[in-house]
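Rule-based calculations on the coordinates, nothing more; no lab input. Model, not experiment: these values are computed from the prediction. Cβ atoms come from the backbone with ideal geometry, glycine included; neighbour counts cover every protein chain shown.
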Amino acid sequence: MRTIIGRGDFYSVDNQILFGALAELADQGRPVDAVTLRAELIRRGQWDGIGGHKYLADILNTVPSGAHGMHYAGIMREASRRRQLIALANKLQCDCYAKPATRTADELTIAAVAELTKILSDGNAAEIDSLGEIVAATVMELEDTGRGALIGTGFAALDLEIGGVAPGEMVLIGARPSQGKSTLVRDMARRVAKTGTRVGFISLEEQKLKIGRNTIAAETGIVNQKLRRKELDAGDWTAIGEGIQRLVGLPVWYSTRARTINGIYAVASQMVAVHRVQLLIIDYLQRIAAPGRTRYEQVTAASLAMSDLFKQLDVAGIVTAQLSRQLLGREDKHPTMGDLRESGQVEQDADGIIFLHREDYYHLDDPMYFPTRTAELIIAKMRDSERGCTVKLRSDLSHQRFEDWTPALPFAG
């Protein structure tokens, strides 16, 4: 029997015993009334221990009507959660004051967040399901178009190819420095949030004010360098005011302080528990402090941890990564899977791998080269989707944004 409360939600031990007997009767499909309940409690040897006839009579006389059972259960759950929070707070306080300290502050935080998440999820334990139960649940999910839906990237051409990112999946976006990977995922966050999707963004590269300045540039069309130098005129301030009105209500939450795997787990868990984040973006993989004697081992540990994180939290995940320098020695600078070799086992951990390439960057000193302002998203791997194709975007890095590439239309910005 599945209910919104369990035996442990009752403060009184007698009430716990009574609820356990009621649940047993219901699970067995037997009638649930005073007679069958008394017989079950006698069978368990608990009838006299809880007070017998007097206790049961008091219970029946206390509840005015069984018609409002769900409402009463809601009151019970609220009181139970408050008791759990009080107990957790007391335990955390004792652990923090413990001498000598047996756990670090990060470890205490991770444990506390795990307990909070358990309380938030009503403490439901993991279940073992038969294949029949799984496929039946799958059919129900397919019928419910609002549940488990793919999360878009904010770019129509890319979403047309990959369909979006599913909850629990990790899609990696790899590029060499200065290709615009941070700009791309920051622009994704802004665009996706405008559709109502709740986004969490953990940046290991940019500080809060830089994120704010770059986002304002993308939203308003003001050249980023003008914002950076504070060379703003009256028209710019008008555009900023209008842009802020569009930005302040967007469901995007940022963190720029997390650096370790434990720290990222704590922040991400909080984003999901408190803000109900659906898409989590982490920028970028190689900056995560992870255990390991070699750089390869460290990045491998970080990659596996992030893949597990998205699955545990059941959120769509996008992670950026820096590619190796070996492509700089090639005439063709387009990234390939081989450029991930120094980045741990990312190829195995990621559900999707997309490479960002801007040919313009490699011709900055060539006076004979005409910039195309084209960015290529090379889909190198995508489970359950097409791979090996390339999506074109128009890059507008002076305004810290990308645009869907439409040949028939002039470039916007």
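Annotations for the structure displayed:
- Simple point charges give the picture: +1 on the Cβ of Lys and Arg, -1 on the Cβ of Asp and Glu, and for the stretch 199-315 a dipole about the Cα centre of about 340 debye.
- Applying 1/(1 + (r/R0)^6) with r as the Cβ-Cβ distance of Val32 and Arg257 and R0 = 45 angstrom yields a FRET efficiency of 0.30.
- Unit charges at the beta carbon, dipole of the stretch 180-277: most positive-side option, Leu247, Gln270, Val185: Gln270
- Protection proxy ranking, peptides 100-106, 43-49, 364-370, 110-116, average beta carbon neighbours within 10 Å, highest first: 110-116, 43-49, 100-106, 364-370
- Computed lengthening from Gln93 to Gln348, 0.36 nm per intervening residue step minus Cα-Cα distance: 87.7 nm
- Nearest-0.05 FRET efficiency for Gln16 and Lys208, computed from C-beta distance (R0 41 Å): 0.30
- Peptides 172-179, 202-209, 15-22 ranked from most to least packed give 172-179, 15-22, 202-209, packing being the mean of other C-beta atoms within 10 angstrom over each peptide's residues.
- Rough spin-label spacing in nm, given labels placed 7 Å along Cα→Cβ, for Arg81 and Asp332: 5.6 nm
- Efficiency of FRET between Thr104 and Val248 - r from beta-carbon atoms, R0 35 angstrom, step 0.05: 0.45
- A straight chain from Ser398 to Asp308 at 0.36 nm per residue would run longer than the Cα-Cα distance by 28.8 nm.
- Distance between modelled label sites at Arg387 and Leu364, nm, 7 Å Cα→Cβ extension: 3.3 nm
- For the stretch 142-249, the mean projected area of the C-alpha convex hull, equal to one quarter of the hull surface, is 8.5 nm².
- Sorting 323-333, 306-316 by their mean Cβ neighbour count within 10 Å, with the most densely packed peptide first, gives 306-316, 323-333.
- 26 Å Cα-Cα threshold exceeded, pairs from Lys181/Lys333; Lys181/Lys208; Lys181/Lys381; Lys311/Lys381; Lys208/Lys333: Lys208/Lys333
- 3J(HN,Hα) along the stretch 315-327: 10, 6, x, 10, 10, 8, 8, 8, 8, 5, 6, 4, 5 Hz, from the Karplus curve 6.51 cos²θ - 1.76 cosθ + 1.60 with θ = phi - 60°, whole Hz, x for Gly and Pro.
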